[in-house]
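Any read-out appearing in this document is the output of simple, stated calculations on the displayed coordinates, not a laboratory observation. This one's a predicted model, so the numbers in the text were calculated from it and none came from an experiment. For neighbour counting, all protein chains shown are included, and Cβ atoms are generated from backbone atoms with ideal geometry for every residue, glycine included.
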Amino acid sequence: MSDGVDAWNRLAALLPPAQGEEFEGCWAIGEQEAGLGLLVSGLLSGDVAIGETVRAQISVLTEVWGEREALAPGLRRCRGDGGPGSAVRLIERDDVHVGGDTVAAARSLSGLVLVPWIDCARCGRVLMRAHAREPWGDLSFAAGQYVITTPDRTVAVGLFPADAAEEAFTGLLQDCGHQPTRS
């Protein structure tokens with residue numbers, strides 16, 4: 001995902017040509033936030049089927065550009081392609097939290113609230129967003145860090161800073177603990 005414009009162009013190819021060009025143009029003029037809105041609305045209006053890995057990649061981009069909260073409902077409504085074998089699934093459950101105090105980590109997650117975001121369909125590890133609880137009770141808008149946990153969500157196997165959503169997603173994909181079975 002860190003290949004920037006290449007990833008953007010691959011996503012543009014999902015859209016009808018005119019919408020794809022408009023989406024690509026957003027990168028060229030530095031309007032990634034608007035482009036992501038165009039992408040999600042284009043997928044919805046065109047009833048474009050997307051795989052779960054693509055859905056997760058789009059979610060990561062919306063997180064990077066500060067648009068995840070606004071675009072998550074639309075992204076969840078995008079039609080799936082029904083294809084088997086997706087590496088990851090977007091779980092995006094804001095109503096299921098894990099207390100940072102319950103996760104063993106090299107750095108303290110104490111006082112943070114972990115929100116499940118993307119899980120590995122192969123090994124069960126979960127990429128979570130770590131948020132502070134605001135004085136008025138809501139979670140902070142932006143994640144303070146990203147955490148990859150074991151499937152039971154008790155041990156952090158990867159910690160990433162607030163500006164590393166793409167790196168955390170790549171870590172989930174590359175460091176999969178899945179051990180293929182031998183036949």
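In table form, for the structure just shown:
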{"item": "Extension gain (nm, one decimal) between R122 and R89, 0.36 nm per residue minus Cα-Cα", "result": "10.9 nm"}
{"item": "Long-range HN-HN contacts of V157 with modeled amide H, under 5 Å", "result": "I148, T149, T150"}
{"item": "Förster radius 22 Å - calculated FRET efficiency between E31 and A142 (Cβ-Cβ, nearest 0.05)", "result": "0.65"}
{"item": "Answer label for Cα extents along the principal axes in Å (calculated), chosen among [x] 54, 49, 27; [y] 154, 32, 21; [z] 68, 28, 23", "result": "[x]"}
{"item": "Highest to lowest packing among 12-24, 114-126, scored as the average C-beta count within 10 Å", "result": "114-126, 12-24"}
{"item": "Computed FRET value (nearest 0.05) for E69 with A18, which takes r as the C-beta separation and R₀ as 35 Å", "result": "0.80"}
{"item": "Total formal charge among the other residues, if their Cβ is under 11 angstrom from that of L43, Lys/Arg +1 and Asp/Glu -1", "result": "+2"}
